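Below: the structure, in structure tokens.
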Amino acid sequence: AGDGAMTMLSGSAGVMIFQRVPDLRQALVTLGVFGMSMLVVTLNLLAWPVAAFVRRHYGVEQGWTLWERTLRLAVMLTSLAVLTFVVGFGVVLIGAASDSPWGLDSSLDERLRLFQQVGIIGAAGVLAVLLNVIQAWSNPVRGFWGRVKESLVLAGLAGLLWFAWSMNLFDQALRF
């Protein structure tokens, strides 16, 4: 909670450091943002082909312009890039540390840097997601829930990028 309670962080030398943690760095806040963001972005990616199948099955056209379809594709590619970045980082680190914490060494650098590059591409793609949200709210044809969904996807991507930034996943020195 944000009551300034002491939280234990262990250092790499086996020394324990007790310090107050700012509200935005509290474990509950960090994991809550991470979990909700993962849920929103994953559901968005999973629902995309399902919605396309349902529209095709019932013969419903979206009636979107080329610009709107391009923005939608950019949203999906950005979501995929950010999700790949976060999940890939986790898989590499958890896989290396599963046998022994000594598996977290420089042999992981190449794979982690590849995921960092994917994350940087995803972070840049958030601009297209923002444009999509602006376009959705300014388009009178889009329904209210479609606008809300696009806004939630932007918030989910921002949450995952905030998580990655706060956990130093973008740090080029690969110090976590």
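Brief remarks on what is shown
- Relative intensity, log₁₀ I(q)/I(0), of region 66-123 from a Debye sum that treats every alpha carbon as a point, q = 0.15 Å⁻¹: -0.51
- Here the accessible area of region 87-155 is 73 percent carbon and sulfur, with a 1.4 angstrom probe and all protein chains present.
- Contact order relative to length of region 104-176, as percent, for alpha carbon pairs under 8 angstrom and 6 or more apart: 34 percent
The values are calculated or read from the model by the stated rules, or taken from the named source; none is laboratory data. Here the structure is a predicted model, which means the values were calculated and not measured. Heads up: the accessible areas ignore ligands, DNA and RNA and are worked out on the full protein's heavy atoms, side chains in. Shrake-Rupley method; radii C 1.70, N 1.55, O 1.52, S 1.80 Å.
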